[in-house]
Amino acid sequence: MSQLLLLRMHNFLSFSPIIDNWPDNTAAHQRARLLEAMRVRGGVTTLEAMRFLDIVDPRARIVELRKEGYRINTSYVHQLSECGRPHAVGLYTLIGNIEGAAITTFSTMPRDASSLQMRLAL
């Protein structure tokens with residue numbers, strides 16, 4: 001097996017428990033997956049969030065988390081795309097971790113209230 005394939009399998013497996021904890025595809029569960037990934041892994045890139053956390057536009061979820069008061073730093077790293085080409089992508093890291101605050105809130109919200117999503121202009 002190629003090293004790239006092994007790396008992708010490892011990444012998927014390391015993110016799998018996070019998806020298991022937050023299986024719904026609501027905006028609230030997507031934010032919870034991002035928070036948990038940043039806490040557990042120390043940071044998550046845009047490509048990792050899209051590939052392994054099933055978040056189509058992680059940037060919108062990051063904006064929402066910032067509006068909720070989370071301090072999230074964005075730096076840039078080079079990461080390979082599916083085609084094997086390097087791209088500069090955002091690396092999100094949580095600053096001043098508020099342990100469990102948003103995750104507890106997300107898990108107790110009624111489904112219709114937690115499914116609100118930010119509308120992005122097209």
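The values are calculated or read from the model by the stated rules, or taken from the named source; none is laboratory data. It should be emphasised that the depicted structure is a prediction, and the values quoted were computed from it without experimental measurement. Heads up, the Cβs are rebuilt from the backbone with ideal geometry, glycines too, and the neighbour counts pull from every protein chain shown.
Selection of the stretch 39-54 for residues being touching a Leu at 6+ places or on another chain (Cβ under 7 Å), among the β-branched types (Val, Ile, Thr) and farther than 13 Å from Val77 by Cβ yields an empty set. In the stretch 23-45, the residue that is modelled with the lowest pLDDT out of those that are surrounded by 14 or more Cβ atoms within 10 Å (Cβ to Cβ) and farther than 22 Å from Gly96 by Cβ is Asp24. Among all residues of the stretch 67-75, there is none that is among the aliphatic types (A, V, I, L, M), out of contact with any helix residue (DSSP H, G or I) (no Cβ under 9 Å at 6 or more places or on another chain) and at pLDDT 50 or above.
Asp112 meets all of the listed conditions (1) out of contact with any Leu (no Cβ under 9 Å at 6 or more places or on another chain); (2) acidic (Asp, Glu); (3) at pLDDT 80 or above but one, namely (3). Within the stretch 46-67, being crowded, with 21+ Cβ neighbours inside 10 Å, β-branched (Val, Ile, Thr) and not in a loop (DSSP other than H, G, I, E, B) holds for Thr46, Ile62. Listed by first and then second residue, the pairs linking a residue in the stretch 80-96 that is more than 13 Å from Met50 (Cα to Cα) to a residue that is among the aromatic types (Phe, Trp, Tyr) and part of a strand (DSSP E or B), with Cβ atoms under 9 Å apart and 6 or more places separating them unless they lie on different chains, are Ala88/Tyr76.
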